[in-house]
């Protein structure tokens, strides 16, 4: 039997998007540039990110290394996709990026929103101690923690935008 304990868990704000802002799809707007430029500062290959207000985490996702060299960081590539890579499939099913984008704009009508990323001091799995650098270098750790966090936050009626 193993236990998982994350010590010093923090959601670091990338940028705060003020209440009343309307995000527009695409690269040619002020908020796309501000959000993606700020996200470029976190240089880790793998990680967890979230969209949150001051009091609620609405969505938790993960990011991975992006093949496009135009991104300075994996997080920059991920938030770029939230802001522009939108598709609607047959039957009206919105892809995750469009689903999140539309929900962000709805919440922004009443409160500020923040793209955030996870950081922590250490993670203990059983007797093993894993630091953040080791975590952010291994997809298996990131995907496990992503699912664990979604389940945990759902206990508090958060992560309502997550479909899984």
Exercise. How would you rank 21, 152, going from fewest to most other Cβ atoms within 10 Å of each one's own Cβ?
Worked result: 152, 21
Exercise. Radius of gyration and Dmax for the stretch 4-154's Cα atoms, expressed in Å?
Worked result: 15.6, 49
Problem set entry | Nearest 10 degrees, 0 to 90: helix 139-154 Cα axis against the chain principal axis | 70
Seminar exercise, completed: Mean separation of Cα contacts under 8 Å (at least 6 apart) over the residue count of the stretch 58-129, i.e. the relative contact order in percent, is 17
For this session: Under 14 Å from a label point 7 Å along Cα→Cβ of residue 164: give me every residue in the stretch 95-126 with its amide N that close.
Result: 96-97
Exercise. If one takes the longest principal axis of the Cα atoms in the chain, at what angle in degrees, from 0 to 90 and to the nearest 10, does the Cα axis of helix 96-108 lie?
Worked result: 70
For this session: Among 154, 68, rank each residue by its count of other Cβ atoms within 10 Å, from fewest to most, as a rough exposure measure.
Result: 68, 154
Exercise. What FRET efficiency comes out for the pair residue 33/residue 2, r = Cβ-Cβ distance, R0 = 45 Å, nearest 0.05?
Worked result: 0.55
Exercise. How much length, in nm to one decimal, is gained on full extension between residue 128 and residue 19, taken as 0.36 nm per residue of separation minus their Cα-Cα distance?
Worked result: 35.0 nm
For this session: Averaging over all projection directions, find the projected area of the Cα convex hull of the stretch 102-147 and quote it in nm² with one decimal place.
Result: 4.6
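Taken together, the values in this text are just the output of simple stated rules run on the coordinates, not laboratory data. Not measured: the values here are computed from a predicted model. Because the Cβ atoms are built from the backbone with ideal geometry, glycine has one as well, and the counts that use them run over all protein chains shown.
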